[in-house]
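In what follows, a single structure is set out as structure tokens and then discussed.
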Amino acid sequence: MRALLIEDEADLLASLARALREEGYAVDTATDGEEGLYKAEGADYDAILLDVMLPRLDGWEILQRLRQSKKTPVLMLTARDAARDRVRGLDTGADDYVIKPFDLEELLARLRALIRRSAGQTRNVIEIGGALLDTAARTVTLGGNPVALTAREYALLEFLALHRGETVTRATLYEHLFDEDDDSLSNLLDVHVSNLRKKLGPECIATRRGYGYCIP
Ligand code: CA
């Protein structure tokens, strides 16, 4: 999953970006509203974390303009004593909000739920052949036994699982699994797929030659 974090407080931006990467997200960042809107409109993010008070363009303006062209799920980061902000955010098209200073675990849980809902998945656990993918715990089990996956392998499996039945193109996978600073070799995707097949069985991911991959 690839997230865009728009936040002008440098410390918060750095710590939140680090926490998101530890959770396996590819993370792009913006420190002012114009840069944030530019990035938000220019790529297909799985979610955007949007601060309200920002230089150049505030969070409202960004949300309003973004909603003219994109449905990307948006989690607003709002101030503690601004109840009206939250109502306004939801009216303008925000999908959820957390109040600063927020609890990191709660923010991560809300973000996962947001991404799941936008993919049309209401349940935490997705069954893939004999394997169970738990998007809340970020674990995979096969026949009841835990399967050790790297962060990239997990991210790839989760993205395909949330788009189950669709053929996901290689370009889409690159856009959603790697962030603006990643410089991975193009053949790595095949390596991750091959590793997942070794760990979960050859049938877990189908190759649609010339198009991409699919969890049938
Ligand atoms: Ca701010």
If you scan region 21-44, which residues turn out to be out of contact with any helix residue (DSSP H, G or I) (no Cβ under 7 Å at 6 or more places or on another chain) and under 10 Å from D179 (Cβ atoms)? R21, Y25
Among all residue pairs at least 6 apart or on different chains, which show Cβ distances below 6 Å where the first residue, located in region 68-91, is under 14 Å from D51 (Cα atoms) and the second is at pLDDT below 80 and within 15 Å of the ligand (Cβ to nearest atom)? M76/G89; T78/D85
I'd like to check something: does region 59-71 contain any residue that is closer than 28 Å to L188 by Cα, modelled with pLDDT of 90 or more and hydroxyl-bearing (S, T, Y)? no
Of the residues L196, L107, L111, which single one is in a helix (DSSP H, G or I), under 14 Å from G24 (Cα atoms) and at pLDDT 95 or above? L111
Only one of H192, H163 is over 19 Å from E23 (Cα atoms) and assigned by TED's automatic domain parsing to the domain that holds V140. Can you tell me which? H163
Given the structure, is V87 loosely packed, with under 15 Cβ neighbours inside 10 Å, among the β-branched types (V, I, T) and outside the structural domain of A161 (by TED's automatic domain parsing)? yes
Look through region 122-137, keep the residues that are under 12 Å from Y154 (Cα atoms) and not aliphatic (A, V, I, L, M), and return whichever of them is farthest from the chain's Cα centre (by Cα). D134
G130 being farther than 24 Å from V74 by Cβ, surrounded by 13 or more Cβ atoms within 10 Å (Cβ to Cβ), not assigned by TED's automatic domain parsing to the domain that holds D28 and not charged (D, E, K, R): yes
Can you work out which of the residues in region 46-64 that are among the hydrophobic types (A, V, I, L, M, F, W, C) and touching a residue at least 40 places away in the same chain (Cβ under 8 Å) is nearest to the ligand (Cβ to nearest atom)? M53
Output the residue which, of all residues in region 1-20 that are charged (D, E, K, R) and without any contact (Cβ under 8 Å) to a residue 60 or more places away in the chain, is farthest from the ligand (Cβ to nearest atom). R18
Matching residues in region 24-38 (modelled with pLDDT under 95 and buried (at least 22 other Cβ atoms within 10 Å of the Cβ)) number 2
Restricting attention to region 137-193, which residues are over 22 Å from A109 (Cα atoms) and either of a type in the set (D, E, K, R) or in contact with a His (Cβ under 7 Å, 6 or more places away or on another chain) (or both)? E166, R170, E175, E180, D181, D182, D183, D190
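The values are calculated or read from the model by the stated rules, or taken from the named source; none is laboratory data. Here the structure is a predicted model, which means the values were calculated and not measured. Counting neighbours? That spans all protein chains shown, and the Cβs are built from the backbone with ideal geometry, glycine included.
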